[in-house]
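Undergrad: Right, I'll just put the structure down here and ask away after.
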Amino acid sequence: MNRIDARFAELKAAGKKGLVAYLTAGDPDLQTSEENVRIALQGGVDVLELGVPFSDPTADGPTIQEAAQRALAAGTNLNDVLAMVKNLRKDFDTPIVLFGYANPFFRYGYETLCRDAVEAGVDGFLVVDIPYEICGELKMHTDAAGLRLIPLIAPTTAAERADRILSEAQGFAYYIMVKGVTGARRELVVDLGERIAALRGVTDLPIAAGFGVSSGEQAAEVARTADAVVVGSALVRAAHEGGLAELMVDLKRGVDGLSE
Amino acid sequence: MNQQADANGYFGKYGGRYIAETLMPILLEIEKDYVEAIKDPAFMEEFRYLLKDYVGRPSPLYRADRLSEVCSGARIYLKREDLNHTGAHKVNNTIGQALLARRMGRKKLMAETGAGQHGVATATAAALFGMECIVYMGEEDIVRQAPNVKRMELLGATVMPVGSGTKTLKDAMSEALRAWVAEVDTTFYVIGSVAGPHPYPTMVRDFQAVIGDETKKQIMEQEGRLPDMIVACVGGGSNAAGIFYPFIEDEAVKLVGVEAAGFGMDTGKHAASICAGDVGILHGSKTYVLQDGDGQVLNAHSVSAGLDYPGVGPQHSFWADQNRVEYCSITDDEALASFHELTLLEGIIPALESAHAVAEAKKRAAGMNKSDLLVVNLSGRGDKDLDTVLAIDGAASGKAAS
């Protein structure tokens, strides 16, 4: 069984919510980055989104843009990211999704990439700039390799479109809570509950919601309706500036409903 | 050879919609409304009226006798897009897209710009239609195209400096895409080239095709036959697509796209995506991209801010693979020499972008017969480049003096 599916099944059986954590691989260098990923994993991440740095991250705010630039300046490439996963697999069973933009994956070659990813211990991909209509070229290879291609649903995605996207999807659905790029936000959206309820009407997949979550309190708010909470920029910032382990504790308490 | 993009925006294997899900619904909406608009006689009538009485079209097809004489080969014609209102071909497209934005009920335009010509043309359309306008521009380009920054501000636009990456066109476009995600409900993104996600490459090509349509009519009137060759510069490739597209089926007409070779193709400091790039995915399209072996996009270089871009419109990649258009490159030095030469020979100061096409046309014309006809798309005027050229000339004469 794919590790993503297994983890969400476990969470559901235990009546718990999940924490999906994003960190940019190679930020600021491979060794430090792996240490940070280990801190996060030990802190109780349910799904790790490992960011593959790209030179032109058009969906990311300054925090993740800068992390990608640091990683690229240190020479990080996709081979390094796969090697890191392989290393992590010696100690962790946490599902790992490679998160990134199309071009580095395309350049590597989708078929070879899926083969190497499975071998390294990757469980899925999330490609920000490959929407549903044109994902076939990649999905045929992720499907064949037993990898999950995680679909994104945006606030602009109409119900009928969400239905179409999710009807063929596996793993989990990633609901982007805000219209905007990645980055911590003071206020979260008001209609999250309604939006997630609408998605539940069209899919049985677990729903993770993210974009803007930066504290345990916000995580708790999201976890009230979503199956999992995605945290990215706040973790990247903590990894860079310090306080990663503390933030993990705070987020974990929020997701587990212990914040208040 | 099918010239229309398929349902997902592909020309052969190039193009597509490589874009965040948040923007997919608006792209689908723009496509639908665009297809309806161009079938609406009232929309097209207003577009043609504005091109005629506001932009000043048709732009002349001028027989450049002194330039032809120096080349002692083909008879050279210049398609005078430099005479358009705002000084370049860019305004053809911004008028079209602004009309579409108004039809869709949008009250705010946003744009990316390199040389500033597209920014000025968008700001102009925004002023004309009473819309708000925000233009994203790299910090380096803000310095080298200062007069255009002032023009945009006079036209009521806000120029947002982009300090990430190389601080040029590529980063301006990335930042515009980021900003659009946040303002997708209110803002229409006016892309300035035949690049970006579907339907932009198609839409911009169609709005610019007026250049080729007029050229065809004008050369028939003046010479009674089609030209033997058409030469145009290619950054993203909108002026080239505009003049090439109506001639694509006329296979006897040789089409030549000129990329920027910057400091020289062997230096790696250039912007020749088709000549030296590999297939990749950038800013919404699969196309030729300057990139490293890991798929990281490389920094382009050209003395001309409008060509300083590491990608190219997907239909150009398609035409390159089909061998319908020949793509070649011209260095900064060659373009600068042609800038001066055209100015002195014909009294026409070309944009540095267009000077690349002039430089290539000179080489080609020299190898052709006196009875052959060669059309150069003079896509813009060079007023915006005076600071750049004067600085380079000053540095060169300073070096010579010491």
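The values are calculated or read from the model by the stated rules, or taken from the named source; none is laboratory data. Quick caveat, the model's predicted, so the values are computed rather than measured. Quick reminder, even Gly has a Cβ in these numbers, built from the backbone with ideal geometry, and neighbours come from all protein chains shown. Quick note on the areas: whole protein, heavy atoms, side chains included, nothing else; ligands and nucleic acids left out. Shrake-Rupley method; radii C 1.70, N 1.55, O 1.52, S 1.80 Å.
Undergrad: May I ask for the equivalent-ellipsoid semi-axes of region A:168-260, computed as the square root of five times each C-alpha gyration tensor eigenvalue and listed largest first in whole Å?
TA: Largest first, region A:168-260 gives 23, 14, 13 Å.
Undergrad: Related question: List the trypsin sites (Lys or Arg not before Pro) within region A:88-125 that fall in a DSSP loop (any state other than H, G, I, E or B) and whose Cβ has at most 12 other Cβ atoms within 10 Å.
TA: Passing both the DSSP loop test and the Cβ count: A:Lys90.
Undergrad: To continue, here is another question. Can you give me the long-range amide H partners of B:Val376? Hydrogens built in the peptide plane at 1.01 Å from N, cutoff under 5 Å, separation of 5 or more residues or another chain.
TA: B:Tyr77, B:Leu78, B:Lys79, B:Val231
Undergrad: Sticking with this structure for a sec: Summarise the partner chain shielding of B:174-184 as one whole number: the mean count of Cβ atoms from other chains within 10 Å of each residue's Cβ.
TA: Numbers: counts 7, 3, 1, 5, 10, 2, 2, 9, 5, 2, 5.
Other-chain Cβ atoms within 10 Å of each residue's Cβ, averaged: 5.
Undergrad: How long are the three semi-axes of the equivalent ellipsoid for region A:3-259, computed from the Cα gyration tensor as the root of 5 times each eigenvalue, in whole Å, largest first?
TA: Rounded to whole Å, the semi-axes are 24, 22, 17.
Undergrad: Quick one: what are the phi-derived ³J(HN,Hα) couplings along region A:174-182, Karplus 6.51/-1.76/1.60 with θ = phi - 60°, whole Hz, x for glycine and proline?
TA: 9, 8, 7, 6, 10, 7, x, 8, 5
Undergrad: Rank these residues by their accessible area, most exposed first, probe 1.4 Å: B:Leu83, B:Leu128, A:Leu23.
TA: B:Leu83, B:Leu128, A:Leu23
Undergrad: Remind me, relative contact order of region A:74-156 in percent, using alpha carbon pairs under 8 angstrom and six or more residues apart?
TA: RCO, region A:74-156: 31 percent.
Undergrad: Given a 1.4 Å probe and the protein chains all in place, what does the accessible area of B:Cys133 round to, in Å² to the nearest 10?
TA: 10
Undergrad: If you don't mind, another one. For region B:321-382, report the convex hull volume of the alpha-carbon atoms normalised per residue, in Å³, without decimals.
TA: Normalising the Cα hull of region B:321-382 by residue number yields 101 Å³.
Undergrad: Percent antiparallel among DSSP beta bridges with both residues in the protein assembly as shown, to the nearest 5?
TA: Working: 14 of 77 bridges.
In the protein assembly as shown, DSSP labels about 20 percent of beta bridges as antiparallel.
Undergrad: Out of A:Ala59, A:Ala68, A:Ala208, any idea which swings most in a Gaussian network model of chain A, alpha carbons joined below 10 Å?
TA: Fluctuation is largest for A:Ala59.
Undergrad: Put B:His356, A:His240 in order of accessible area, largest first, 1.4 Å probe: what do you get?
TA: Listed by decreasing accessible area, they come as A:His240, B:His356.
Undergrad: Cα to Cα, under 27 Å, and not fewer than 8 places away if on the same chain: which lysines meet these conditions relative to B:Lys216?
TA: Partners within reach: B:Lys39, B:Lys52, B:Lys79, B:Lys90, B:Lys254, B:Lys362, B:Lys363, B:Lys370.
Undergrad: If you don't mind, there's one more thing I want to ask. Give me the percent relative contact order of region A:3-259, please, defined on Cα pairs under 8 angstrom at least 6 residues apart.
TA: Taking the mean separation of contacting Cα pairs over the length of region A:3-259, I get 22 percent.
Undergrad: May I pose another question? Based on alpha-carbon centroids, what's the gap between region B:77-142 and region B:183-233 in Å, whole number please?
TA: 14
Undergrad: Please report the accessible area of A:Arg3 (heavy atoms, 1.4 Å probe, ligands and nucleic acids excluded) in Å², nearest 10.
TA: 70
Undergrad: Something else now. Please give the FRET efficiency for A:Ala158 paired with A:Arg200, using the beta carbon to beta carbon distance and R0 = 22 Å, rounded to the nearest 0.05. Before the final figure, lay out each step's value.
TA: Values: r = 16 Å, r/R0 = 0.73.
After rounding, the FRET efficiency stands at 0.85.
Undergrad: Can I ask one more? Work out from phi, with θ = phi - 60° and the Karplus expression 6.51 cos²θ - 1.76 cosθ + 1.60, the ³J(HN,Hα) of each residue of region A:6-13, listed in order in whole Hz, and give x for Gly and Pro.
TA: With coefficients 6.51, -1.76 and 1.60, one gets 4, 5, 5, 5, 4, 4, 5, 4 Hz.
Undergrad: Give the long-range amide H neighbours of B:Gln291: residues separated by 5 or more places, or on another chain, with amide H under 5 Å away, using H modelled in the peptide plane at 1.01 Å from N.
TA: B:Asp278, B:Leu298
Undergrad: Now a separate question. Please give the solvent-accessible surface of B:Asp250 in Å², to the nearest 10, using a probe radius of 1.4 Å with every protein chain present.
TA: Ignoring ligands and nucleic acids, B:Asp250 comes out at about 40 Å².
Undergrad: Now, a different point. Given only helices, namely DSSP H runs of n ≥ 4 each adding -39500 (n - 2.57), what is the per-residue ellipticity at 222 nm of chain B, to the nearest 500 deg cm²/dmol?
TA: Details: 16 runs with 175 residues, N = 402.
-13000 deg cm²/dmol, from helical runs alone.
Undergrad: Another one. Count the DSSP beta bridges whose two residues both fall in chain B, then state the antiparallel fraction as a percent rounded to the nearest 5. Walk me through the numbers on the way to the answer.
TA: Numbers: 14 of 49 bridges.
Taking every DSSP beta bridge with both residues in chain B, the antiparallel ones total about 30 percent.
Undergrad: Evaluate the Kirkwood expression for the hydrodynamic radius of region B:1-154, namely the inverse of the mean inverse distance over all pairs of different C-alpha atoms, and round to one decimal in Å.
TA: 17.9
Undergrad: Given a 1.4 Å probe and no ligands, DNA or RNA in the count, how much accessible surface is buried by A and B, both sides, to the nearest 100 Å²?
TA: Summed over both sides, the interface buries about 2900 Å².
Undergrad: Let me ask you something else. Roughly how many Å² is the accessible area per residue of region A:3-259, as a whole number, for a 1.4 Å probe?
TA: 37
Undergrad: Once the cut-off is 28 Å, how many percent of the Cα-Cα pairs in chain B end up in the long-distance tail?
TA: Cα-Cα pairs in chain B separated by more than 28 Å: 41 percent.
Undergrad: Let me ask something additional. Can you work out D for the protein assembly as shown in µm² s⁻¹ from Stokes-Einstein, where Rh is the Kirkwood radius over C-alpha pairs, the temperature is 25 °C and the viscosity is 0.890 mPa s? All intermediate terms of the calculation are to be shown ahead of the outcome.
TA: Numbers: Rh = 25.8 Å.
Taking Rh from Cα pairs, D becomes 95 µm²/s.
Undergrad: Oh, and also: With a point put 7 Å past each Cα toward its Cβ, work out how far A:Asp191 is from B:Glu251 in nm, to one decimal.
TA: Inter-label distance under the simple model: 5.5 nm.
Undergrad: What number do you get for region B:197-277 when its Cα radius of gyration is normalised by 2.2 N^0.38 Å, N = residues?
TA: For region B:197-277, the normalised Cα radius of gyration comes out at 1.25.
Undergrad: Apply the Karplus curve 6.51 cos²θ - 1.76 cosθ + 1.60, θ = phi - 60°, to the phi angles in region B:241-247 and return the couplings in whole Hz, x for Gly and Pro.
TA: The phi angles translate into 4, x, 8, 6, 3, x, 9 Hz.
Undergrad: Over 24 Å apart: what share of the alpha carbon pairs of region A:1-133 falls there, rounded to a whole percent? Before the final figure, lay out the partial values.
TA: Numbers: 2285 of 8778 pairs.
Summing the P(r) of region A:1-133 above 24 Å gives 26 percent of all pairs.
Undergrad: Same structure, new question: Determine the share of the protein assembly as shown's accessible area contributed by carbon and sulfur atoms, expressed in whole percent, with a 1.4 angstrom probe. Write out the running numbers ahead of the final one.
TA: On the way: 12000 of 23410 Å².
Summing carbon and sulfur atoms, their accessible area is 51 percent of the total for the protein assembly as shown.
Undergrad: While we're here: Would you please classify the overall shape of region A:12-75 from the alpha carbon gyration tensor, given that a ≥ b ≥ c denote the square roots of the eigenvalues, rounded means a/c under 1.5, and beyond that prolate means a/b larger than b/c while oblate covers the rest?
TA: Details: a/c = 3.57, a/b = 1.76, b/c = 2.04.
In terms of gyration-tensor shape, oblate.
Undergrad: Report, ordered by chain and residue number, the lysines lying within cross-link reach of A:Lys16, taken as a straight Cα distance under 29 Å and ignoring same-chain residues fewer than 8 apart.
TA: A:Lys86, A:Lys90, A:Lys179, A:Lys252
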